[in-house]
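Scroll down for the structure; my scribbles are underneath it.
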Amino acid sequence: MEKLEQLYEGKAKKVFKTSDPNVYIVDYKDDATAGNGAKKGTIAGKGTINNRITNHLMQLLEKHGIPTHFVKELSVCETAVRVVKIVPLEVIVRNIAAGSLAARLGLPEGTKLNSTVLEYCYKDDALGDPMVNEYHIAAMGWATEAELKTIAEMSFKINKVLGDYLKDAGIELIDFKLEFGRDAKNKIILADEISPDTCRFWDIKTKEKLDKDRFRRDLGGVEDAYREVLKRLLGE
Ligand code: UDP
């Protein structure tokens with residue numbers, strides 16, 4: 001399968017057409033941004049690591065009955081994915097308070113939530129991805145009620161499957177962001193990536209951060225943290 005015309009270049013990935021109208025190729029970059037593009041840098045090896053981790057976790061989810069856009073890993077940083085129309089929402093799943101939730105509610109980072117919290121943000125960089133609720137989503141027509149129900153159910157199931165799996169690797173799944181799309185048959189499937197860029201991963205014992213917060217907060221050891229997650233999950 002070969003890359004044809006480039007369709008899109010995002011902050012962390014490029015997307016290319018292929019000769020198959022139902023398949024795109026995603027090419028992961030080492031570029032990193034934080035604070036809605038305010039902070040920019042590169043993380044050596046990130047593209048490869050995020051490609052490998054994402055594909056590994058997408059295949060795990062498929063095994064547990066979650067439909068995803070994953071088709072085939074083509075190289076260390078390139079993957080064939082099913083074409084979808086992205087639902088313009090970032091779905092955030094939280095088990096432990098951290099980041100913007102900790103700040104918004106004045107909770108110390110690391111506070112266990114009594115139940116899992118789901119949040120939706122409208123995907124719009126110019127607006128800074130504002131948080132929205134079910135009423136905004138219905139009013140704006142971003143997803144139907146039935147689609148949003150599917151998205152919420154899938155998100156909770158993904159949280160359970162990933163949480164259990166990561167625990168065995170000594171990683172606590174604090175929170176993460178998902179994106180969904182509609183495939184050619186209008187079915188909702190999981191898209192985008194699942195990586196240390198989009199999840200908060202803490203070492204279960206030491207609580208050491210093994211994710212993009214090391215970059216966002218200038219904690220150092222960014223590459224080592226990403227590599228540590230790869231090693232724990234894939235043994236690489
Ligand atoms: N997240 C993401 N992309 C975004 C915003 C958040 O992947 O544009 C992820 C982030 O890595 C974390 C979770 O979603 O795992 C919750 O992020 P939060 O709302 O706390 O935002 P932040 O503190 O990163 O601004």
Taking a ≥ b ≥ c as the square roots of the eigenvalues of the Cα gyration tensor of segment 85-217, is the shape rounded (a/c under 1.5), prolate (a/b larger than b/c) or oblate?
prolate
For segment 140-236, what does the relative contact order come out to in percent, with C-alpha contacts under 8 Å and a separation of six or more?
19
Once you wrap a convex hull around the alpha carbon atoms of segment 126-204, what is its projected area averaged over all directions, in nm²?
6.4
Which residue, GLU153, GLU193, GLU73, tops the fluctuation ranking in a GNM of the chain built on C-alpha contacts under 10 Å?
GLU153
If we sort 38-45, 183-190 on the protection proxy, mean other Cβ atoms within 10 Å, highest first, what's the order?
183-190, 38-45
Length gain on complete extension for the stretch THR206 to LYS167, per 0.36 nm per residue less the alpha carbon to alpha carbon distance?
12.7 nm
Top mean-square fluctuation among TYR28, TYR135, TYR226, Gaussian network model of the chain, C-alpha springs under 10 Å?
TYR135
Whole-percent carbon and sulfur contribution to the accessible surface of the chain (1.4 Å, no ligands, DNA or RNA) stands at 52
Where the Cα pairs of segment 1-95 fall when distances are cut into 5 Å bins, in %
3, 12, 19, 23, 23, 14, 5, 1, 0
Solvent-accessible area per residue for segment 1-46 (1.4 angstrom probe, square angstrom):
57
Inter-probe distance in nm under a simple model that places probes 7 Å from Cα toward Cβ, at THR116 and THR150:
1.8
Surface per residue (accessible, 1.4 Å probe) for segment 169-233, Å²
40
With springs connecting C-alpha atoms under 10 Å apart, model the chain as a Gaussian network and identify which of THR68, THR18, THR79 has the largest mean-square fluctuation.
THR18
Tell me whether the chain comes out rounded, prolate or oblate; compute the Cα gyration tensor, take square roots of the eigenvalues as a ≥ b ≥ c, and use a/c under 1.5 as the rounded threshold.
rounded
Residues of segment 108-155: accessible area per residue at 1.4 Å, in Å²?
63
Under 8 Å for C-alpha pairs, at least 6 residues apart: give me the relative contact order for the chain, rounded to a whole percent.
18
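The values are calculated or read from the model by the stated rules, or taken from the named source; none is laboratory data. In this text, all values refer to a predicted model and were calculated from it rather than measured experimentally. Note that we place each Cβ from the backbone using ideal geometry, even for glycine, and neighbour counts take in every protein chain shown. Calculation scope for accessible area: heavy atoms of the full protein, side chains included, ligands and nucleic acids excluded. Shrake-Rupley method; radii C 1.70, N 1.55, O 1.52, S 1.80 Å.
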